[in-house]
Amino acid sequence: MSSYSHGTSGTALLGDTIGADLDRAVAAWPDREALVDVPSGRRWTYAEFGAAVGALASALHASGVAKGDRVGIWAVNCPEWVLVQYATARIGAIMVNLNPAYRTHELEYVLKQAGVSLLFASLSHKTSDYRAMVEQVRGRVPELREVVYFGDPSWEALLERSVPGATYDELSCDEPINIQYTSGTTGFPKGATLSHHNILNNGFFVGELLAYTEQDRICVPVPFYHCFGMVMGNLAATSHGACMVIPAPSFDPKATLEAVQQERCTSLYGVPTMFIAELNLPDFASYDLSSLRTGIMAGSPCPVEVMKRVVAEMHMAEVSICYGMTETSPVSLQTRRDDDLEHRTGTVGRVLPHIEVKIVDPATGVTRPRGTAGELCTRGYSVMLGYWNEPEKTAESVDAGRWMHTGDLAVMREDGYVEIVGRIKDMIIRGGENIYPREIEEFLYGHPKIQDVQVVGVPHERYGEEVLACVIARDPADPPTLEELRAFCEGRLAHYKVPARVRILDSFPMTVSGKVRKVELRERFADG
């Protein structure tokens with residue numbers, strides 16, 4: 001049987017724009033809460049949220065922002081971020097998401113590459129002075145004509161331009177609505193360009209598989225600038241009349257659990273490292289998380305022991321694993337609510353409705369038999385329109401058949417569930433043997449002295465590469481030695497998979513979206 005699967009469904013794709021879908025939600029649930037910002041205590045019902053989105057859309061239109069214009073947003077999580085997301089969609093402007101971790105070099109590149117004419121930004125967060133950085137680059141970005149800061153008079157001044165009853169250009173759901181810059185590990189990031197149809201449907205179907213209704217309240221500690229926050233969080237919520245809950249401007253484990261408890265959230269999102277941080281709070285047991293039912297864990301594989309605790313101690317019996325990438329809006333594969341522990345930790349689920357996946361030989365493009373590794377490819381409504389103004393790079397990722405090549409190595413089981421075994425570029429080749437770091441990481445999670453572990457390949461004169469385990473110890477005063485790790489692996493892992501080196505770390509280098517930057521670990525320890 002070949003490694004190909006498609007998601008049949010009795011539920012039709014949505015043919016609406018994001019604005020039309022929000023109108024439907026406002027009409028159906030005007031008095032239900034749509035958005036709660038825990039830090040400031042501000043709340044919006046659907047009727048109030050719809051009105052706020054309308055006022056901002058009108059103000060943007062009155063400011064000369066037209067369909068197809070690029071509007072940047074460089075900010076941490078806040079209610080204004082959500083309003084900008086829906087207001088730009090309402091008038092057909094293209095919202096350009098900028099990573100809050102960017103510095104002036106990356107900021108200038110993205111503003112120029114996307115041709116941003118109006119930028120929304122936070123004033124500051126932690127050590128980042130966004131206003132100062134914008135002022136540094138503003139003179140070098142001629143298309144940038146206006147900057148509006150959240151929590152600043154410029155925000156109020158913009159809203160004062162709103163005109164009641166404004167009308168806008170007619171929109172097609174296939175038009176671009178969002179540019180998300182993928183965190184390129186080499187070179188500059190690429191702008192994945194997404195349509196209403198791409199992200200509205202992805203948010204809707206992810207929410208369908210989580211059985212969302214207007215009764216749900218979704219705690220979103222993941223960043224809005226990333227698909228995880230703005231699609232799986234916001235669009236999954238508004239397409240079902242659910243409530244979006246913002247626990248903090250950026251991830252804070254204590255604030256997250258306090259928000260779940262205070263707002264009686266039914267769903268919680270995060271990458272595994274976020275859930276680990278929450279579970280490891282000294283006072284974790286004191287939080288009342290009994291309202292939780294479901295949630296999403298994505299971004300990287302979930303260790304078995306973590307999943308057990310999330311289900312048992314966080315009450316998330318219906319938690320879902322999602323797999324995807326920015327270029328596919330993002331989710332292509334998802335576990336189902338009644339899947340067992342093994343499927344939730346050993347796989348990233350099966351194909352979503354209306355999407356196709358296949359696993360191919362990276363060299364030939366031929367579909368592999370089930371049970372054998374190859375590159376995961378996906379096709380359907382969710383595949384991006386392309387990289388903004390980069391047709392050559394688009395053609396490298398999306399082939400003539402409109403298949404998106406993910407760069408991930410995967411295996412499709414007989415039941416259609418997919419295991420991710422690594423990135424093609426993360427695969428370690430030691431003396432001709434292909435080694436998948438995920439397998440070794442899963443095994444080492446069972447060591448009593450290890451809290452977290454990442455495995456990478458580093459150069460070796462004789463074998464080409466060797467295995468390095470980067471470890472965060474459970475007890476910093478008693479970290480595992482290389483000898484202890486090797487003894488733990490003895491007779492249980494093939495000799496070539498056993499770590500040749502170990503480094504004890506306090507933390508891993510992370511992207512803002514919570515993924516470990518393995519490329520940085522490889523570079524840091526390449527010389528021994």
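The values are calculated or read from the model by the stated rules, or taken from the named source; none is laboratory data. Note that the structure is predicted; figures quoted are calculated from it, not measured. A quick note on method: Cβ atoms are made from the backbone with ideal geometry, for glycine too, and the neighbour counts reach across all protein chains shown. All accessible areas refer to the heavy atoms of the entire protein, side chains included, with ligands and DNA or RNA removed. Shrake-Rupley method; radii C 1.70, N 1.55, O 1.52, S 1.80 Å.
Some notes on this structure:
- Restricting GLU143, GLU106 to residues that are under 30 Å from GLU390 (Cβ atoms), part of a helix (DSSP H, G or I) and of a type in the set (D, E, K, R) narrows the list to GLU106.
- Of the residues making up the stretch 351-380, those that are part of a loop (DSSP other than H, G, I, E, B) and not β-branched (Val, Ile, Thr) are LEU352, PRO353, HIS354, ASP361, PRO362, ALA363, GLY365, ARG368, ARG370, GLY371, ALA373.
- Summed over the stretch 471-493, residues that are among the aliphatic types (A, V, I, L, M), open to solvent by 40 Å² or more (accessible area, probe 1.4 Å) and assigned to a loop (DSSP other than H, G, I, E, B) total 1.
- Residue that is most open to solvent (accessible area, probe 1.4 Å) [pool: residues in the stretch 248-274 that are part of a loop (DSSP other than H, G, I, E, B) and not aromatic (Phe, Trp, Tyr)]: ARG264
- Residue under evaluation VAL163, criteria (1) under 14 Å from LEU60 (Cβ atoms); (2) out of contact with any Ser or Thr (no Cβ under 6 Å at 6 or more places or on another chain); (3) loosely packed, with under 14 Cβ neighbours inside 10 Å, criterion not met: (2)
- The set of residues in the stretch 494-523 being of a type in the set (D, E, K, R) and either open to solvent by 80 Å² or more (accessible area, probe 1.4 Å) or in a strand (DSSP E or B) (or both) consists of ARG501, ARG503, ASP506, LYS515, GLU523.
- On inspection, MET297 does not qualify as in a helix (DSSP H, G or I), of a type outside the set (Phe, Trp, Tyr), open to solvent by less than 20 Å² (accessible area, probe 1.4 Å) and touching a residue at least 24 places away in the same chain (Cβ under 8 Å).
- Complete set of residues in the stretch 325-343 that are open to solvent by less than 30 Å² (accessible area, probe 1.4 Å), within 18 Å of the chain's Cα centre (by Cα) and not polar (S, T, N, Q): GLU327, PRO330, VAL331, LEU333
- ASP527 meets each of the listed conditions (1) assigned to a helix (DSSP H, G or I); (2) open to solvent by 30 Å² or more (accessible area, probe 1.4 Å); (3) modelled with pLDDT under 95 apart from (1).
- For ALA277, the stated conditions do not hold, so it cannot be described as in a helix (DSSP H, G or I), in contact (Cβ under 8 Å) with a residue 24 or more places away in the chain, open to solvent by less than 20 Å² (accessible area, probe 1.4 Å) and not hydroxyl-bearing (Ser, Thr, Tyr).
- Within the option set ALA410, ALA400, ALA363, being out of contact with any helix residue (DSSP H, G or I) (no Cβ under 8 Å at 6 or more places or on another chain) and open to solvent by less than 10 Å² (accessible area, probe 1.4 Å) holds for one residue only, ALA410.
- Hits in the stretch 109-124 (condition: open to solvent by 40 Å² or more (accessible area, probe 1.4 Å), in contact (Cβ under 8 Å) with a residue 24 or more places away in the chain and not in a helix (DSSP H, G or I)): LEU123
- Restricting the stretch 456-470 to residues that are among the small types (Gly, Ala, Ser) and open to solvent by less than 30 Å² (accessible area, probe 1.4 Å), the residue that is farthest from LEU279 (Cα to Cα) is GLY457.
- Whenever a residue of the stretch 421-449 is buried (at least 16 other Cβ atoms within 10 Å of the Cβ), its partners that are of a type in the set (Ser, Thr, Tyr), lying with C-beta atoms within less than 6 angstrom and at least six residues away or across chains, give the pairs VAL421/TYR436; GLY422/TYR436; ARG430/TYR463; ARG430/TYR496.
- Of note, LEU482 does not satisfy the criterion of being under 33 Å from the mean Cα position of the chain (by Cα) and in contact (Cβ under 8 Å) with a residue 12 or more places away in the chain.
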